[in-house]
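I have a structure here, written as structure tokens, and I will follow up with some questions on it.
The values are calculated or read from the model by the stated rules, or taken from the named source; none is laboratory data. Computed from a predicted structure; not experimentally measured. Neighbour counts run over all protein chains shown; Cβ positions are idealised from the backbone, glycine included. Quick note on the areas: whole protein, heavy atoms, side chains included, nothing else; ligands and nucleic acids left out. Shrake-Rupley method; radii C 1.70, N 1.55, O 1.52, S 1.80 Å.
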Amino acid sequence: MEDKALKIGSRELRSRLMVGTGKYKTFELMQEALEASGAQMVTVAVRRVNLDRTKESLLDYLDPKKYVLLPNTAGCYTKEEAIRIARLGRAAGLSNLVKLEVIGDEKTLLPDTRALLEATEELVKEGFVVMPYTNDDPIAAKRLEEAGAACVMPLAAPIGSGQGILNRLNIELILEKVKIPVIVDAGVGTASDAAVAMELGADGVLMNTAIAEAKDPVRMAEAMRKAVEAGRLAFLAGRMPKKKYASASSPAAGVVG
């Protein structure tokens, strides 16, 4: 199977790993982890960053020539709030990209898919490249594609839970349902989780907590980079079929007794 570059809107990415910039103990540690991850696209929570640069800011530690900044609407619970934050990020010069989050529940942090769809439709009309964080629902994913989303970002497990890929079937169904890129987002805990997501055929993986809250974030970032690469390569190679019974590694046919 021939590989193709990952395209989000007009942007072409070599790395299929996207990472967040929150929860690190220091900005310097974040810089080291980003470097080790090999990621080109990094998320920036618009509501949690000092945009006017009057004091130390996360943005001081992100080289815009090196990274594609992906503003996100983390912490928004209404369509109106998410749209306002997206506009604020673009007005501040971050990007016309937006990782769109509209949360529907404070405990689970699961998306409000109705508000998410309405916000996507509005922001697409305004010229945003919308990357919506959504439930693992194939129908919702298709609706977001029809609304003009540049990709869909279904959760693998609740945000920050580190539970890994709990919904392989749903991810596979989404991959069958839509033609735009599918970026698995939320729930990854370790490198094997990232590899599984890629082996399923996902176009990429986005994570934050799994790296930032690891005992050694820099090493975990490197592990995630390698896992995403390995998972993609395995997907392209095509795994052997699963069998009910054993099959000898060295066939007995032609062996003289």
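Among the residues of region 25-47, is there at least one that is in contact with a strand residue (DSSP E or B) (Cβ under 6 Å, 6 or more places away or on another chain) and either over 23 Å from residue 204 (Cβ atoms) or free of Cβ contacts under 8 Å to residues at least 12 places away in the same chain (or both)?
Within region 25-47, not a single residue is in contact with a strand residue (DSSP E or B) (Cβ under 6 Å, 6 or more places away or on another chain) and either over 23 Å from residue 204 (Cβ atoms) or free of Cβ contacts under 8 Å to residues at least 12 places away in the same chain (or both).
Further question on the same structure: Hey, can you tell me all the residues within region 93-117 that are assigned to a helix (DSSP H, G or I) and either of a type outside the set (Lys, Arg) or in contact with a helix residue (DSSP H, G or I) (Cβ under 7 Å, 6 or more places away or on another chain) (or both)?
Once the filter is applied, which keeps residues that are assigned to a helix (DSSP H, G or I) and either of a type outside the set (Lys, Arg) or in contact with a helix residue (DSSP H, G or I) (Cβ under 7 Å, 6 or more places away or on another chain) (or both), region 93-117 yields 113, 115, 116, 117.
Applying the selection to region 163-188, what residues are part of a loop (DSSP other than H, G, I, E, B) and either without any contact (Cβ under 8 Å) to a residue 40 or more places away in the chain or more than 14 Å from the chain's Cα centre (by Cα) (or both)?
Of region 163-188, the ones part of a loop (DSSP other than H, G, I, E, B) are 163-167, 178-181, 186-188.
Scanning region 163-188 gives 163, 164, 165, 166, 167, 178, 179, 180, 187, 188.
Whether any residue in region 146-162 is hydrophobic (A, V, I, L, M, F, W, C), within 25 Å of residue 3 (Cβ to Cβ) and surrounded by fewer than 19 Cβ atoms within 10 Å (Cβ to Cβ) is what I want to check. I'd like the intermediate steps shown before the answer.
Here is the first cut: in region 146-162, the ones hydrophobic (A, V, I, L, M, F, W, C) are 147, 149-153, 155-157, 159.
Restricting the remaining residues to those that are within 25 Å of residue 3 (Cβ to Cβ) gives 149-153, 156.
Subsequent filtering for residues that are surrounded by fewer than 19 Cβ atoms within 10 Å (Cβ to Cβ) retains none.
Taking every residue of region 146-162 in turn, none turns out to be hydrophobic (A, V, I, L, M, F, W, C), within 25 Å of residue 3 (Cβ to Cβ) and surrounded by fewer than 19 Cβ atoms within 10 Å (Cβ to Cβ).
Does region 215-224 contain any residue that is of a type outside the set (Phe, Trp, Tyr), open to solvent by 90 Å² or more (accessible area, probe 1.4 Å), farther than 30 Å from residue 100 by Cα and out of contact with any Lys or Arg (no Cβ under 8 Å at 6 or more places or on another chain)?
Among the residues of region 215-224, not one is of a type outside the set (Phe, Trp, Tyr), open to solvent by 90 Å² or more (accessible area, probe 1.4 Å), farther than 30 Å from residue 100 by Cα and out of contact with any Lys or Arg (no Cβ under 8 Å at 6 or more places or on another chain), which makes the answer no.
Ok, one more. Has region 62-83 got at least one residue that is without any contact (Cβ under 8 Å) to a residue 24 or more places away in the chain and not in a loop (DSSP other than H, G, I, E, B)?
The answer is yes; a qualifying residue exists.
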